[in-house]
Amino acid sequence: MSVKNDNQSKISEAFSLPGIWMLGFLLIFAVAPGCAKVKETFKIQEKAEVHIPAEQLIIKGMEDFNVGKYFLAIDYFNEILDRYPFSPQAPLAELKAADSNYYMERYAEALVLYNEFEERHPTNEAISYVMYQKAMCSYQTIDRIDRDVTGAIESIQAFQELLRAFPKSPYTVEARARIKAAKEFLVNHEFNVVKFYLRTEKYGQAESRLKYILAMYPESGVAPRAQELLDLIEAGTPPTSGFGDWFTDLSLPDWMSFADDDETSSQPQASQ
């Protein structure tokens, strides 16, 4: 009788919660075919081998950068900047660290690094590219028309600075087109505010906003609709329903629609 109880006790102990957990843990390693499977199971990230000379660091960093492994590339570039800040590889490491952040959609971090590069290397041959990328960091943050428009405003300013400094750079055509697209976004934002005023029957505010749109953006895509609405309000017959028909396609337009086909085809394509 005691032997039977002892056996039952051992079985219960073996299949207790900690025991089951440990068994499952061991089974993972038993069925995992090699280190690659274990790495996948536990999501172990690759790490850059950074304890090597600057010449090798930049090579390895660019290898990872060119295949889209930006999180690894940054480790190599930062190691150069930490250990070899005055090496010939340092300027390229600075620039590519900024680019890596940009392509990982860390636009705020990338903008800081581009600004630092511009301050440290004002005569570098890559400055026109750096200025373009600075503008793109703001441009990429442009969101819906009912949200903050800071990205559009700052990108316009940055693209204009690029055009003033380098009027004939490889990015000139694209910069001009993106400025137009960002301005169209701003007018779309203003026009969307008119919809709010109409719905709340604040016709005086709607009238003022429409006049502002027509004065500031007479060539915009919404200008004809803005004029029609203004005429109706001034006539005392503002629309009281069907607002959606007036306020369609209000977003950031494709910048390519503002670029001349012949100019675009002759210019190097910058990052999207």
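Cβ-Cβ distance below 8 Å, separation of 6 or more or different chains: which pairs start in the stretch 216-235 with a residue that is in the same structural domain as Lys183 (by TED's automatic domain parsing) and end on one that is in a loop (DSSP other than H, G, I, E, B) and aliphatic (A, V, I, L, M)?
Close Cβ pairs (under 8 Å, with a partner that is in a loop (DSSP other than H, G, I, E, B) and aliphatic (A, V, I, L, M)) amount to Val222/Leu250.
Which condition from (1) surrounded by fewer than 22 Cβ atoms within 10 Å (Cβ to Cβ); (2) among the β-branched types (Val, Ile, Thr); (3) farther than 30 Å from Gln157 by Cβ; (4) touching a helix residue (DSSP H, G or I) at 6+ places or on another chain (Cβ under 7 Å) is the one that Ile80 breaks?
Failed condition: (1).
Kindly list, by first and then second residue, each pair from a residue in the stretch 156-174 that is touching a residue at least 60 places away in the same chain (Cβ under 8 Å) to a residue that is buried (at least 20 other Cβ atoms within 10 Å of the Cβ) and assigned to a helix (DSSP H, G or I), limited to pairs with Cβ atoms under 6 Å and residues at least 6 apart or on different chains.
Listed by first residue and then by second, the contacts come to Tyr171/Tyr132.
Which residues, taken from the stretch 232-251, are small (Gly, Ala, Ser) and surrounded by 13 or more Cβ atoms within 10 Å (Cβ to Cβ)? Show your work before the answer.
Let us first name the residues in the stretch 232-251 that are small (Gly, Ala, Ser), namely 235-236, 241-242, 244, 251.
Ser251, the sole residue that qualifies.
Yes or no, residue by residue, for (1) under 21 Å from Gln160 (Cα atoms); (2) touching a helix residue (DSSP H, G or I) at 6+ places or on another chain (Cβ under 8 Å):
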{"position": "Tyr102", "(1), (2)": "yes, yes"}
{"position": "Glu105", "(1), (2)": "no, no"}
{"position": "Val112", "(1), (2)": "yes, no"}
{"position": "Glu118", "(1), (2)": "yes, yes"}
{"position": "Ala126", "(1), (2)": "yes, yes"}
{"position": "Lys134", "(1), (2)": "yes, yes"}
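Go through the stretch 218-271 and give me each residue that's under 20 Å from Ser169 (Cβ atoms) and modelled with pLDDT of 85 or more.
Within the stretch 218-271, Trp255, Met256, Phe258, Ala259 meet the criteria.
Test Lys195 against the stated conditions and say whether it is basic (Lys, Arg), in a helix (DSSP H, G or I) and modelled with pLDDT under 95.
Details: basic (Lys, Arg): yes; in a helix (DSSP H, G or I): yes; modelled with pLDDT under 95: yes.
It is true that Lys195 is basic (Lys, Arg), in a helix (DSSP H, G or I) and modelled with pLDDT under 95.
Pairs needed: first member in the stretch 54-65, basic (Lys, Arg); second member anywhere, surrounded by 13 or more Cβ atoms within 10 Å (Cβ to Cβ); C-beta distance under 9 Å; at least 6 residues apart or different chains.
Lys60/Ala48; Lys60/Glu49; Lys60/Val50; Lys60/Ile52; Lys60/Leu72; Lys60/Ala73; Lys60/Tyr76
Only one of (1) touching a Phe, Trp or Tyr at 6+ places or on another chain (Cβ under 6 Å); (2) in a loop (DSSP other than H, G, I, E, B) is not met by Val187, so which one is it?
Tallying (1) touching a Phe, Trp or Tyr at 6+ places or on another chain (Cβ under 6 Å); (2) in a loop (DSSP other than H, G, I, E, B), Val187 fails exactly one: (2).
The values are calculated or read from the model by the stated rules, or taken from the named source; none is laboratory data. Given the structure is predicted, the values throughout are model-derived calculations rather than measurements. With ideal geometry, Cβ positions are generated from the backbone for all residues, glycine too; neighbour counts draw on all protein chains shown.
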